[in-house]
Structure formats: C-alpha cells, structure tokens
Amino acid sequence: MNVKEKDTVTREERSLLETLDKSVRSEKVHAQILPILERVRTQLARRPNSLMAWEPIALETFGAFPSAIRSGWVFILRAGSDTGAERHPNSHQRMMSFDGTGDLKTDAKSAENEVQTESEIVWQSNILVSDPQALLERRWVSIPQNIWHRPVIPKGADWVVVSFHTVPAAELIEERPGAKQMLYLSEQGETAKTRHD
C-alpha cells in the first residue's frame, strides 16, 4: 500500500496483505524461499549488466492461500539501479521487502494514463524496509492494475522482494511507456532485464 493509500486502504486489502505477510514470514515458507533466492542471486551474478533477476514461486509453497492470488515471485534488484517505469495491465500486484531496502515509486496520480516517456509520470516515493518489526505499511506496497511503478535501489546492497500477482505467472504482462508489452516468463533465461532507461 503506497503512502497515499495508507489512510484509505480497505479493510479487505489490509487483511489480504496481513495474510500474505504471515505466510511469507512463517519459518516453513521462509525456508522454502531461500533456495529460490540463491538461484536468483546466482542468475543475477552471472549477468553483470542485468538490473534484476527473478523466478516464480509455486503457490503450493505458501499453503492455504487467498484465491485472488494466482502467482508469486522472488525478485532481486541490483544495488544502485533504477529499473524504469512499468505497469501490469492485467494484474494487481502486492510486493513485500524481503531483504534490504528500496524505493518503490508509484504514479502519484494513480490514473490509468497512457504515457510515451517516464518523464510524463509524477512519482511518489514509497521507501520499503525488511525489518519484521516495522509496520506493514513500511514493508508492503499494493499496486492496482495499470498503475505505473518503478523500483529505485540505493547503492550498497541488492534489494530482495517477494511479489504476488492476480494472474498466473505465464500470463503476467509488463508494459513500459510507449505501450511496449512483454510477458515476464518470456524474458526469463538468457534475456534477463538489462534496461537502463
């Protein structure tokens, strides 16, 4: 939930985030995420020009789960990078800071606007931390369908996030300014993200 939404988030959304949070932070799930995390870390290390690497997580990993959630992911975003503006025209994303910190900037207008360049978007900062004692709002962000967002990672340490979407992994669409679209899974493997815009 971004800063703008903190006071207006519905009880239903907050309840969903609390359910996701409890699951991800459980010892059992945490232990199952660690090997995935290491694979993703290795993938990023092998590709020094990539801004990020990722891998979907089987939903069975999380046990009983809200039916609205159709896919889970681990992302590692490289320290000192800005991965650029993106949005998901077919999914509501919920993301938690798992290790490290970063700024998940969101479109301050929260409008489903068409833009040709990132400079047309008014950004709102949402600095997320991984401290389990921090408030839910400091660890999670909820990004509705079609809302522009961009991760900006400080220098010093990579940022590990766990992300959830309302579409299956094979159907998740990423859109960039100028209406450039792609499927996340189609870009996995040898064509990991190397954007520098």
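The values are calculated or read from the model by the stated rules, or taken from the named source; none is laboratory data. No experiment lies behind these values; they were computed from the predicted model shown. Positions of Cβ are backbone-derived with ideal geometry, glycine not excepted, and every protein chain shown enters the neighbour counts. Remember, those area values only see protein heavy atoms, side chains included, never the ligands or the DNA or RNA. Shrake-Rupley method; radii C 1.70, N 1.55, O 1.52, S 1.80 Å.
What to note about this one:
- Any hit, the stretch 100-109, residues being out of contact with any Gly (no Cβ under 6 Å at 6 or more places or on another chain), touching a residue at least 60 places away in the same chain (Cβ under 8 Å) and either part of a loop (DSSP other than H, G, I, E, B) or open to solvent by 10 Å² or more (accessible area, probe 1.4 Å) (or both): yes
- Answer from A85, A53 - the residue that is crowded, with 20+ Cβ neighbours inside 10 Å, within 16 Å of W148 (Cβ to Cβ) and within 18 Å of the chain's Cα centre (by Cα): A85
- Scanning the stretch 76-101 for residues that are within 23 Å of R14 (Cβ to Cβ) and hydrophobic (A, V, I, L, M, F, W, C) returns M95, M96, F98.
- Residue ID - farthest from A79 (Cα to Cα), chosen from residues in the stretch 142-193 that are touching a helix residue (DSSP H, G or I) at 6+ places or on another chain (Cβ under 9 Å), aliphatic (A, V, I, L, M) and modelled with pLDDT of 95 or more: V162
- When the test is whether a residue is open to solvent by less than 10 Å² (accessible area, probe 1.4 Å), of a type outside the set (D, E, K, R) and more than 15 Å from the chain's Cα centre (by Cα), V161 does not pass it.
- Only one of I76, I36, I69 that is open to solvent by 10 Å² or more (accessible area, probe 1.4 Å) and either over 23 Å from M182 (Cα atoms) or touching a strand residue (DSSP E or B) at 6+ places or on another chain (Cβ under 6 Å) (or both): I36
- Condition met for S97 (within 15 Å of R25 (Cα to Cα), in contact with a Lys or Arg (Cβ under 6 Å, 6 or more places away or on another chain), buried (at least 17 other Cβ atoms within 10 Å of the Cβ) and at pLDDT 95 or above): yes
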